[in-house]
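Colleague: Sharing a structure with you now.
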Amino acid sequence: MTVFVLAAGALLVLALAILLFPLLRKRHAPQQSSERRTTNIALMRDQLRELESDRLTGSLSAEAYEQTHREIQRRLLDELPATSLPADSDMPGTSRKTAIVVLLLLPLLATGGYLYLGSPRALNPVLQVSPEEMTPAKIQQMVEGLQQRLINEPDNAEGWAMLGRSYRSMERMPEAIDAYGRAEAGLADNADFLAEYADLLATANGGNLSGKPLSLVKRALAIDPNHLIALWLAGTAAFNGKDFATAVQLWERARLNIEPGSADQQVLADNIAEARRLSKVDVDPGKAISGTVSLAPAVAATSQPDETVFVFARPLDGTRFPIAVVKLRVGDLPAKFVLDDSSAMVADKAISGHPKVIVEARLSRTGNAIGRDGDMQSAAQTVKLGDSKLQLQIDRAYVPPTRPAP
């Protein structure tokens, strides 16, 4: 029985660590502009319309249409949740609490009920409480039963951590902090627990990671230098302390541990881009393309200062969807630009993975990321990664993108 309890507890703790952090950590992340996501979604939706037009006119094969259509739809679905839902810190308390109960509290209390009853008979399906009978009062009773049991087992660190997670899901922060504190000595070498504890303390303190939360994060990183949650929190602490260069370094390490193309990776890429902007951290010149974009005199004479200019990088394989984009204003031209991984449209399609790309600039009269009649553009150029002297001049009417010879 002891073996079963330990095994079940270990599996539950692992599952909870994975489920709990994405629900709770975003309240500490620096506030990010939604401009990039808005641009991405507009670009993808217009790209679908343009793709359909190409199919109807016969300028695109059925195979190429299906492949490109699926890819754009996948990217659009990846972007929509991040823009259609409010940040965690803005969610009503009831909605957030419900989400956590669904993902955390019910499986947690199933184990808590077993510990409370203290008998293998609790696993008998006949004796289990049906979901319909799991009322708030019974949940409260089970949590209190677990708490009473742990009073007699003060050294049960896993149990106290479990109780702490229960209290946190119920937004009973003082009790959660007390339970985590009781578990700390027994889980001092557990990086997952230390990162959770740090996040809890910071949450209770309005997102402030200074003091003990940061100390816990450092301890977690000493145990596991690549711990995702600890790296994320450490980067957030550095960002909040205006040590933007350190934030970039920590978040870059964290990004290596996130599934490519995931929403979390895109959030982290946005954070890194913002930290770089604020710190003016130089990127590896061998993994970027930089240069100057300007307007031809005739174009400048017919343009307004608040009109939008996009600088795009596209892959050589003919895919129309850009892999990197920089947004500027006519009033800022001539202007220098840098296309690097922080300007990636999709995190797993970074420019550093392409030895050569196609680069062009476009003046948008409407501010739309997709070209329209009346827009102006530069010549498209095939450029090697690392080029730092690219000159783009917007001097001609917009035409749909083509693929120059490599």
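Colleague: Quick one: order Leu201, Leu328, Leu194 by neighbouring beta-carbon count within 10 Å, fewest to most.
Modeller: Listing Leu201, Leu328, Leu194 from fewest to most nearby Cβ atoms yields Leu328, Leu201, Leu194.
Colleague: For Asp317, Asp332, Asp199, Asp243, what ranking results if the residue with the fewest other Cβ atoms within 10 Å of its Cβ goes first?
Modeller: By the 10 Å Cβ count, ascending: Asp317, Asp332, Asp243, Asp199.
Colleague: Taking the convex hull of the alpha carbon atoms in the range 285-397, what volume per residue do you get, in Å³?
Modeller: So the per-residue Cα hull volume is 91 Å³.
Colleague: Right, something else. Can you check what the net charge comes to around Ala234, using other residues whose Cβ is under 10 Å from the Cβ of Ala234 (Lys, Arg +1; Asp, Glu -1)?
Modeller: Here the charged neighbours net out to +2.
Colleague: What whole-number distance in Å separates the alpha-carbon centres of the range 329-388 and the range 164-210?
Modeller: Here the two parts' Cα centres lie 45 Å apart.
Colleague: How large is ³J(HN,Hα), in whole Hz, for each residue of the range 197-210 in order, when computed from phi with the Karplus curve 6.51 cos²θ - 1.76 cosθ + 1.60 and θ = phi - 60°, using x for Gly and Pro?
Modeller: 4, 4, 5, 4, 4, 5, 4, 5, 10, x, x, 7, 9, 6
Colleague: Using DSSP to call loops (not H, G, I, E or B), can you name the trypsin sites (Lys or Arg not before Pro) in the range 294-403 whose Cβ has at most 13 other Cβ atoms within 10 angstrom?
Modeller: Within the range 294-403, the qualifying trypsin sites (Lys or Arg not before Pro) (loop, at most 13 other Cβ atoms within 10 Å) are Arg372, Lys389.
Colleague: Let me ask something else about it. Just how large is the dipole of the range 285-397 about the Cα centre, in debye to the nearest 20, putting +1 at every Lys and Arg Cβ and -1 at every Asp and Glu Cβ?
Modeller: The calculated dipole for the range 285-397 is roughly 160 debye.
Colleague: For a Förster distance of 51 Å, can you work out the FRET efficiency between the beta-carbons of Thr366 and Ile151, rounded to the nearest 0.05?
Modeller: Working from the Cβ atoms, E equals 0.15.
Colleague: Another question about this same structure. Can you flag which of Lys336/Lys389; Lys327/Lys384; Lys356/Lys389; Lys242/Lys327; Lys287/Lys356; Lys242/Lys287 are past 18 Å Cα-Cα?
Modeller: Lys327/Lys384; Lys242/Lys327; Lys242/Lys287
Colleague: Here is a further query. Under 5 Å between amide H atoms, partner at least 5 residues away or on a different chain: which partners does Ile394 have, H built in plane at 1.01 Å?
Modeller: The answer is Ser294, Leu295, Ala296.
Colleague: What is the local net charge at Ile223, summed over the other residues whose Cβ is closer than 11 Å to its Cβ (Lys, Arg +1; Asp, Glu -1)?
Modeller: Around Ile223, the surrounding residues sum to -1.
Colleague: Given a Förster distance of 60 angstrom, what is the FRET efficiency for Thr302 paired with Glu259, based on the Cβ-Cβ distance and rounded to 0.05?
Modeller: According to the calculation, E is roughly 0.85.
Colleague: Also, I was wondering about something else. With r defined as the distance between the Cβ atoms of Arg329 and Asn226 and R0 fixed at 56 Å, what FRET efficiency is calculated, to the nearest 0.05?
Modeller: Result of the calculation: an efficiency of 0.90.
Every number here is computed from the coordinates shown, using simple stated rules; none is lab data. Worth saying up front: this structure is predicted, and the values here are computed from it rather than measured. A quick note on method: Cβ atoms are made from the backbone with ideal geometry, for glycine too, and the neighbour counts reach across all protein chains shown.
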